Amino acid sequence: MIAMLPNHEISLPNQNVPVRRGATASQWAGFILFFLSVYLYVWLFIKPSLIYHGFGIFLAYPAFSLGWGFLNSSLSYPGGLVEYIGGFLSQLYYFSWLGALVITAAACLIYIETSILIRLSAGRALKLIGYIPAVMLLMICNHYDNQLTAFLALLVALWFSVVYEKMAVRRSVACAVVFMVMFAMLYYIAGGASFVFVSLVSIYELFVGRRKVLAVLFPAAVIGTYLVGRYVFDLEIEIIHLRFLGTRLGYDLWVRNIVICVYLFFPLALFGIGLRQGLAGKKSSVCGAEKDSGGSSLKAGKLRQLFQDSKGGLIVEAGLPIIILLASILVSFDGTKKKLIQVDYFAHQKMWPEVLRTARRIRSESCDLCCIHNIDRALYYTGRLGDEMFRYPQMVPALMLTGMATGHPVGVFTERGLLFLELGYLGNAERDAFEYMELVGSTPLILEQLATIKLAKGQLEAAKVFLNALSKDLIFGNRAREMLRRIEQDPELADDERIQYIRSVASDKESVNLGVDDFFHQLLDKNSNNKLAFEYMMAFYLLTKQVDKVVANIGGFNDLGYKKLPRYYEEAIMLYMAHGGPRTDLHGWMPRLETIERARAAGRIYQLCGGRYNEKEIRGALTSDLADSYFLYHAFHVLGERK
Amino acid sequence: MKKLYYCIIMTCITAAGAVVVLWFALNKGTVSPAECRIVSRMPAIKPDYTETVIPPNIAPLNFMVLEPGTGYLVKIHSASGDSIDVFSRNSKIKIPLRRWKSLLNTNCGKELFFDVYVRSKDGFWSRYETITNTIAKEDIDGYLVYRFMKPIFNWWKDISVYQRNLGNYKNKAVLRGKSFDDGCLNCHTFLNNAPECMLLGIRSTVYGGSTLLVSNGNKVEKIGARWTYTAWHPSGRLATYSMNNVYLFFHEATAEVRDVVDLDSSICYYVVDSNQVKTAPAISQKNKLETYPAWSPDGRYLYYCSAPILWIDRHKVPPEHYNEVKYDLMRVSYDVETDEWGQPETVLSAEKTGMSILCPRISPDGRFLVFCMCEYGCFPIYQSSSDLYLMDLQTGQHSKLAVNSEYSESWHSFSSNSRWLAFSSKRGDGLFTRTYFSYIDKDGRGYKPFILPQKDPAYYDSLLQTYSVPELIASPVKASPNALVRAVRQPENIKVDAPLTGATVRTENSGPWRQMQ
């Protein structure tokens, strides 16, 4: 393998090119610098653990499970082997340093294979081209996507192409036999990526081997596979040809295009090189040897001189890859997606201050429903929901991720299921978890969630099935086995605080299709100390501008031992009074003086605007301490951070 | 030099091989009964293959010994034939197929014994009390056709129908939903336990809802309507089916969250020769819900379930009094020659039993009728109260079968010799349905059921899919999956007018978020 590394032009068949020790050092420097930078960048900045977290939420879940069963099922279809390996390696993203190593190794291998293929086709090395597919892999990481399986399939296809070209079988019949055997093997290993192999060897035979019959015959294998798949096995075209291009792609069009570009890159690049070589050959035969050493070769000679010059070579060959790397980062890094995944990651880790800190760095128009949902959870768990929720973006469906099962990333099911679980609404938590499992797969996250639900419901045997399935997970297997051991020792899980808490708040009253009010009240009837249910109910009333219901339930703050009425509820009381709501018992809560002052200021703005949205006045209000008030949200649906 | 290297390598390989063979030989489970400690109880094994009756043509009942140990030896023997010794270093006991078959075939009607020995850490063997099962004289049908899927709610992605060879572990897809854009597959119905005539309901967003009709073994046609519960007339001249306006909804605090209600349903029949769909007033009354048709083996009576519609609003889900709906067991006479229906008569009323009577299936010998009874409603699989009952059609007496558990038992199917009952049960964990088999003797007594055996005895422990709608057939389905997929993709061959869609309607807007939306 070392022989294939950047100095491989030493073994070039073109004996006119001198062996250049200085240039080799600069290539080595460029190679090491580039991939070391890639590794450090991916490890420390991209953080593959965030990509791992996105599996099944933001990205397609790369299924992998320990044991023969999963391996056997993976080996039962074309491309399954690569998918199995891709699934395994994707699990390593859990550890950022290891994930970065996987990504860097893939990039490195694709660089080496590209370089070899180009050398075999062009007869000389065009080293910088080798960095292009490696950079494309990095660009996908910059978008927080995972297309490792697609790249692995491509790597195998390229490797097969290299082997085929290196074998240089002379007889056409033998060549066709070798091709068919390799193609069949590759189709089984790498599925649709085998068509890259077909195109590469066809181009090779066309331009290098000069066997046009083979070049035409080989693509017929593609048609043959299609006919067999379509009419013998009745498969969809997507399954026959596009297993990794069509089905494994996530939701990101950019990523889809990059993968397609990488797959097209090799045939196009080699075809271009072959065409250029062919034209150059014709030209030289027509014009004669004297002209060949004329103007164009003079320019090439100067360029070569620049590369051969040790300083120039070092700068160009070591610096240019880094420039390409930096340019790719500038073009493709998706900072917003990173922050959105970070918010979700921190929420799952219960790192609530970090959720809020990261959320503040996201522009409000970029916040999706899941992000807002996590912000609300973080606000609740840091005790700031009633004081700060209108400082952040808000949407009614985001509070409980409601009414959005269709046409939205299925990750919603996990987030909502988690909230229902914490609220004690186990029936719906279970339903969401099963919907997710059917649509996405048996991700460790959902298996753990389902096991928790079943444990909370006291259905131990069902919980064990999920834990047994989870115990086959590479990362979370130990955790599942530990839980199984605990269940054996203590089936009631008396020491498990989380399970005990969920049981204490879980509604045990049978109901079907509850409305919002009944839903929250049922939870509070079961356990009046269910603070989460109470605060979410009040937040819902605030969001839907039902100040009368806020006031009607204000006594709940006394029951839950609040020492101070959160700010937005004071403002809601003021609005209730301003709207002339009937006298009601405020249970001793009275708005503070500063709230009354803010209400007066808000009233003035409202009058100035004539009750309608007025950009100028609202902008003015946003600079005052009304900026994140409930008044502005209630009147104009405006949210903002106090300046 | 090369020769020397070659010799060294070959010697090393041979030595390693010898060590491995020696190690295995020394660790082989040989136990002298005199050295054993006797444990005066049966060992815990999983799945529970104890004190049950098994068919002589069943695949080996591989199991796990749930006793701590470092080695396990099971001696399987019967009155005659060679005993089988299975030694394992882990608790999984995998029985060799050929010897198992031979042992069972030579001992039909006799007892089968499992002597279990467990080696403790200190190297001593313990012998547990012998596990005894009985080998029945009668075979079970060779194949089981079942639906395989995760417990689905509103959304589905991977539903398949498989056929399992019960004599070994071979499993083959009849049709996979993934073959036609993640389509849904519903109930599969066979004529007289034979695969030559099959009906298979499918639902697809791309290809629509339809029913596949397989006739003469491999001729596949697509009927342009999705039927729900179907029953072939024993003559094969017509298929009766119910059209159900099915709605799925969800409970909050019950162990099973899902529930189903038929807002409306009636029974129709499809005449094969004339491609005609018909119904009769007796089986499609406007104020009644008729469902679950089942023919008597002589073809003279159609048994079905019927309940009064208790709601006025036929769109509200769930409708009022949904949990008070109880189905009666009815029957109506029919003359296949004249196509004439008689008057419906009540076989067993819900008023008498206090429960809802569902899924009647009659044994091919015409002697017994097995049905489910649950607290209310039309869908026993979601009712933990659902149990299997057997009615002797000679006496009209019914009793609860001794095969039930605290969880749901439902979707039963008789073997063609009437001695075996395959059914779905959630007894393992309350959530995942698995297929169980029970022997029904000539007097209608059910014996302790056993679970469908698997090659890996731990298979069910982490299986997230359910086995549902188990149907026993004598030989494998001949129509290939490709032929079935082709039929799904093509326009329907047989057009029928259907009064109801028969599709389960998603209720994603139910729950507290309905208002928020």
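The values are calculated or read from the model by the stated rules, or taken from the named source; none is laboratory data. All of these numbers come straight from a predicted model, not from anything done at the bench. Using ideal geometry, Cβ is built from the backbone for each residue, glycine included, and neighbour counts are taken over all protein chains shown. Ligands, DNA and RNA are excluded from the accessible area calculation, which covers all protein heavy atoms including side chains. Shrake-Rupley method; radii C 1.70, N 1.55, O 1.52, S 1.80 Å.
Shielding of peptide A:65-77 by partners, expressed as the average count of other chain Cβ atoms within 10 Å per residue Cβ, is 1. Highest mean packing first, where packing is the average number of other Cβ atoms within 10 Å per residue, the peptides B:447-454, A:421-428 line up as A:421-428, B:447-454. Rounded to whole numbers, the Karplus 3J(HN,Hα) couplings from phi for region A:165-179 are 5, 5, 5, 6, 5, 8, 7, 4, 5, 4, 4, 5, 5, 4, 4 Hz, using 6.51 cos²θ - 1.76 cosθ + 1.60 with θ = phi - 60°, and x at Gly and Pro.
Ellipsoid fit via the Cα gyration tensor, the protein assembly as shown: semi-axes of 55, 48, 32 Å, each the root of five times an eigenvalue, largest first. Proximity of backbone amide H atoms, modeled 1.01 Å from N, is registered between residue B:175 and B:161 at under 5 Å, excluding neighbours fewer than 5 places apart on the same chain.
What the phi angles of region B:39-52 give under the Karplus curve with 6.51, -1.76 and 1.60, with θ = phi - 60°, is a coupling list of 10, 8, 7, 7, x, 6, 10, 9, x, 7, 10, 10, 6, 10 Hz, glycine and proline written as x.
Run the dipole for region B:89-235 about the Cα centre, Lys and Arg Cβ at +1, Asp and Glu Cβ at -1, nothing else charged, and hand back the magnitude in debye, nearest 20.
The calculation lands at about 620 debye.
Is there a pair in B:101/B:448; B:426/B:455; B:170/B:326 whose C-alpha atoms are over 29 Å apart, and which pairs would that be? In this structure, B:170/B:326 lie more than 29 Å apart at Cα. Restricting the calculation to Cα atoms, region A:409-537 yields a radius of gyration followed by a Dmax of 14.8, 43 Å.
What ranking, highest mean first, results for peptides A:330-336, A:410-416, A:558-564 when packing means the other Cβ atoms within 10 Å averaged over each residue?
The densest-packed peptide leads the list: A:410-416, A:330-336, A:558-564.
Take the accessible area of chain A alone and of chain B alone, subtract that of the pair, and you get about 4300 Å² summed over both chains, using a 1.4 Å probe. Here region B:143-489 is assigned +1 on the Cβ of each Lys and Arg and -1 on the Cβ of each Asp and Glu. Its dipole about the Cα centre then comes out at about 1180 debye. Its alpha carbons considered, region B:143-489 gives a radius of gyration followed by a Dmax of 18.8, 54 Å. Only one residue of A:593, A:32, A:138 has its Cα farthest out toward the positive end of the dipole of the protein assembly as shown, where Lys and Arg carry +1 and Asp and Glu -1 on Cβ, and that residue is A:32. Taking Cα centre as origin and charging only the Cβ of basic (Lys, Arg, +1) and acidic (Asp, Glu, -1) residues, the dipole magnitude of the protein assembly as shown rounds to 4960 debye. Taking all Cα-Cα distances within region A:44-120, those exceeding 19 Å account for 48%.
With Cα atoms defining each centre, region B:231-263 and region B:343-367 are spaced 17 Å apart in the structure. The amide H of residue B:376, built 1.01 Å from its N in the peptide plane, has B:356 as neighbours under 5 Å, considering only residues 5 or more places off or on other chains. Across region A:546-636, C-alpha contacts under 8 Å between residues 6 or more apart give a mean separation that, scaled by the residue count, equals a relative contact order of 30 percent. Remark: mean inter-chain Cβ contacts per residue of B:247-258 equal 6, using a 10 Å Cβ-Cβ cutoff to other protein chain atoms. Over region A:337-505, the pair-distance histogram of Cα-Cα distances with 10 Å bins from zero comes to 10, 35, 35, 17, 3, 0 percent, rounded to whole numbers.
In the protein assembly as shown, taking the dipole from charged Cβ atoms about the Cα centre, the farthest positive-side position among B:436, A:68, A:386 is held by A:68.
So if the hydrodynamic radius of region B:140-290 is defined as the Kirkwood radius over C-alpha pairs, what does Stokes-Einstein give as its diffusion coefficient at 25 °C and 0.890 mPa s, in µm² per second? So the translational diffusion coefficient is about 145 µm²/s.
Per residue of A:433-446, what is the mean number of Cβ atoms on other protein chains within 10 angstrom of that residue's Cβ?
Shielding by partners across A:433-446 averages 4.
Structure note, pairs B:92/B:121; A:337/A:472; A:339/A:531; B:222/B:478: Cα-Cα distances above 21 angstrom occur for A:337/A:472; A:339/A:531. Across region B:196-248, Cα-Cα distances exceeding 18 Å account for 33% of all pairs.
Protection proxy ranking, highest mean first, for peptides A:259-266, B:122-129, A:456-463: A:456-463, A:259-266, B:122-129, where packing is the per-residue count of other beta-carbon atoms within 10 Å, averaged. The value obtained for region B:32-162, namely the Cα convex hull volume divided by the number of residues, is 145 Å³ per residue. Working from the Cα coordinates of region B:272-332, the gyration tensor eigenvalues give, after taking √(5λ), semi-axes of 27, 15, 9 Å in decreasing order. One Cα centroid belongs to region B:166-222, the other to region A:421-435; the line between them spans 33 Å. Taken per residue, the accessible surface of region B:313-385 reaches 43 Å², heavy atoms only and a 1.4 Å probe. Quantify, in whole percent, the carbon and sulfur part of the accessible surface of region B:143-489 (1.4 Å probe; protein heavy atoms only). C and S atoms contribute 46 percent here.
Counted as membrane-span-like here are DSSP H helices of chain B whose alpha-carbon atoms extend 18 Å or more along the helix's own axis and whose Kyte-Doolittle mean is 1.6 or above; these are B:2-26.
Across chain B, C-alpha contacts under 8 Å between residues 6 or more apart give a mean separation that, scaled by the residue count, equals a relative contact order of 15 percent. Close amide H partners of residue B:244, meaning residues 5 or more places away or on another chain with modelled amide H under 5 Å apart, are B:228, B:502.
Residues A:82, B:19, sorted by accessible area with the largest first, give B:19, A:82 [1.4 Å probe; ligands and nucleic acids excluded].
Only one residue of A:330, A:82, B:277 has its Cα farthest out toward the positive end of the dipole of the protein assembly as shown, where Lys and Arg carry +1 and Asp and Glu -1 on Cβ, and that residue is A:330.
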